[in-house]
Amino acid sequence: MHGFDFKEIQEKISESFRPWQRSFHFWVRATNIYTGYKVFQLRVSLVKDAKKQEEMWERQHEQAADKIYFMCSDLGGFFLKIAQLLAKPDMAPAAWVKKLVTLCDQAPATPFDAIQLVLEKELGKSIGEIFETFDEKPLGSASIAQVHRARVKGNKMNVVVKVQHPGIERLMMTDIRNLQLFALYMQRTDIKFDLHSITKEMEKQIGYEFDFKREASAMERIRCFLYENNKKSPVLVPRVLRDMVTKRVLVMEYINGIPILSIGDEMAKRGINPHGKIAEAAKHNILSSLSRAYGQMILKSGFFHADPHPGNILICKGQEVALLDYGQVKELPDKLRLGYANLVIAMADDNASGVSQSF
């Protein structure tokens with residue numbers, strides 16, 4: 001008769017309680033942020049000077065940004081996605097954007113032994129049978145997966161191995177449902193638009209990101225389009241190793257580069273004036289590359305990379321730009337794509353009549 005494996009039982013019990021713990025922590029922190037704003041609204045309503053009101057709002061947003069930052073950082077998972085969404089100037093107050101943009105690539109890493117179990121189960125072989133070398137320390141960790149650098153046996157190719165965090169799908173679905181309940185409450189009490197439908201769309205879109213086979217197909221499709229329609233592709237897209245793709249593991253070409261948010265530090269190291277001619281030319285080339293890539297994807301193909309936050313953009317040798325992470329993609333119907341194209345042309349020509357007739 002086999003004895004009980006108390007460690008395994010303990011881990012299973014801990015795993016089953018984890019969603020409840022996350023829900024508790026979310027509601028405690030979200031309630032604190034919400035009540036902070038409600039109390040502030042009462043205080044600011046007593047102030048008559050418009051300039052002073054504006055200064056008070058700025059301080060309140062800064063305090064709330066700190067709380068949102070630590071909530072997203074501590075909980076990780078789906079809340080890192082929320083941070084990425086809010087870290088856009090058109091989505092949130094400037095203080096939130098400034099604070100949350102630094103969370104783009106700061107998810108806690110999963111211990112290597114857990115990653116190894118997922119990897120070997122998915123590929124059906126040991127790491128030593130597939131890879132000549134495999135760095136146990138990840139290159140980076142995001143909300144759904146982390147990436148490791150490795151070298152494939154045989155062809156000696158340097159690759160990136162993207163492996164899903166164990167159990168992350170269940171946790172993120174719990175997070176999304178908590179956010180949906182919060183959104184329902186907010187739109188009934190404070191916000192006058194359909195916030196709940198936005199969270200439902202987020203649930204649908206993030207659900208796609210758990211399927212790395214889908215991501216690999218999207219990456220290949222965009223890579224093929226950009227490389228076939230240009231003498232030189234405006235951005236680099238990693239090549240997929242098709243025989244090493246499963247639902248939870250994706251192996252692709254390694255591209256060496258600097259994260260776009262680190263480009264200022266890199267210039268400083270090299271003694272380049274960030275406001276000088278060399279830096280301005282580099283920034284112009286980077287923006288031009290991204291604009292041409294997105295212009296072609298959206299207006300010509302209709303199938304495009306839909307998650308261009310800073311953590312997914314690398315600056316490579318010769319000012320080349322690499323676009324990473326194809327878990328979020330969108331496809332426009334031809335009618336909508338052509339309407340957008342006509343709109344862009346009309347705006348460029350300063351044609352008001354053409355703008356109104358674009359769709």
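Placing TRP20, TRP57 in order of accessible area, with the largest value first and a 1.4 Å probe, yields TRP20, TRP57.
Can you give me the % of accessible surface on segment 289-359 that is carbon or sulfur? Probe 1.4 Å, all protein chains present, nothing else counted. List each step's numbers first, then the result.
Working: 2140 of 3690 Å².
The nonpolar share, carbon plus sulfur, comes to 58 percent.
Rounded to the nearest 500, what is the 222 nm mean residue ellipticity of the chain from helices alone, with -39500 (n - 2.57) per DSSP H run of 4+ residues and division by all residues?
Values: 13 runs with 197 residues, N = 359.
The helix-only estimate for the chain comes to -18000 deg cm²/dmol at 222 nm.
Listed cross-link partners LYS99/LYS269; LYS121/LYS162; LYS38/LYS67 are compared with a 19 Å cut-off, the Cα-Cα value being larger for LYS99/LYS269. Legend: calculated FRET efficiency, LYS231 to LYS67, from the Cβ-Cβ distance at R0 = 41 Å, rounded to 0.05, equals 0.25.
Quote the relative contact order of segment 204-359 in percent (integer), defining contacts as alpha-carbon pairs under 8 Å separated by 6+ residues. Spell out each step's value before the answer.
Working: 211 pairs, mean separation 39.2, N = 156.
Relative contact order of segment 204-359: 25 percent.
Pairs from the list LYS231/LYS300; LYS81/LYS335; LYS156/LYS213; LYS81/LYS283; LYS200/LYS330; LYS98/LYS192 with a Cα-Cα gap above 22 Å: LYS81/LYS335; LYS156/LYS213; LYS81/LYS283; LYS98/LYS192.
Run the dipole for segment 179-259 about the Cα centre, Lys and Arg Cβ at +1, Asp and Glu Cβ at -1, nothing else charged, and hand back the magnitude in debye, nearest 20. Each step should come with its number before you reach the end.
On the way: 14 positive and 11 negative charges, 41 e Å.
That gives a dipole near 200 debye.
Quick one: net charge around ALA183, please, counting Lys, Arg +1 and Asp, Glu -1 for every other residue with C-beta under 15 Å from its C-beta. Kindly include the intermediate steps, with their values, before the conclusion.
Working: positive: LYS81, ARG177, ARG188, LYS192, LYS200, LYS204; negative: ASP175, ASP190, ASP194, GLU201, GLU203.
Here the charged neighbours net out to +1.
Taking a ≥ b ≥ c as the square roots of the Cα gyration tensor eigenvalues, segment 251-359 comes out oblate, since a/c reaches at least 1.5 and a/b does not exceed b/c. Taking 17 Å as the straight-line reach from the Cα of LYS52, the aspartates and glutamates in range (excluding those fewer than 8 positions away in the same chain) are GLU62. In straight-distance terms, cross-link reach from LYS153 covers every one of the aspartates and glutamates whose alpha-carbon lies under 13 Å from its own, apart from those fewer than eight places away in the same chain; here that gives GLU129, GLU132. Heavy-atom accessible area, probed at 1.4 angstrom with all protein chains present, ranks PHE304, PHE210 as PHE304, PHE210, highest first.
The dipole here belongs to the chain: it is taken about the Cα centre, uses +1 on the Cβ of Lys and Arg and -1 on the Cβ of Asp and Glu, and is about 320 debye. Across the options GLN60, MET347, ALA279, the greatest Cα extent toward the positive end of the charge dipole of the chain (unit charges at beta carbon of Lys, Arg, Asp, Glu) belongs to MET347. Between LEU336 and ASP349, the simple spin-label model (points 7 angstrom out along Cα→Cβ) gives 2.5 nm. Classify segment 259-322 as rounded, prolate or oblate from the Cα gyration tensor: take a ≥ b ≥ c as the square roots of its eigenvalues, call it rounded if a/c is under 1.5, otherwise prolate when a/b beats b/c and oblate if not. Prolate, since a/c reaches 1.5 and a/b exceeds b/c.
The listed peptides 180-193, 224-237, 43-56, ordered by packing as a protection proxy, come out as 224-237, 180-193, 43-56 (highest mean of other Cβ atoms within 10 Å first). Heavy atoms of the protein chains alone define the surface here; on that basis the chain has 58 Å² accessible area per residue at 1.4 Å probe size. Model label sites at ARG43 and LYS269, defined 7 Å from Cα along the beta-carbon direction, differ in position by 4.3 nm.
Only one of [x] 23.2, 83; [y] 20.1, 63; [z] 19.5, 60 was calculated from the structure for Rg and Dmax of the Cα atoms in Å, and its label is [x].
The values are calculated or read from the model by the stated rules, or taken from the named source; none is laboratory data. Only a predicted model underlies this, so the values are computations on that prediction, with no experimental measurement involved. Neighbour counts are summed over all protein chains in view; Cβ atoms, including those assigned to glycine, are modelled from backbone coordinates with ideal geometry. Each accessible area value is taken on the protein alone, full model and side chains, heavy atoms only, with ligands, DNA and RNA left out. Shrake-Rupley method; radii C 1.70, N 1.55, O 1.52, S 1.80 Å.
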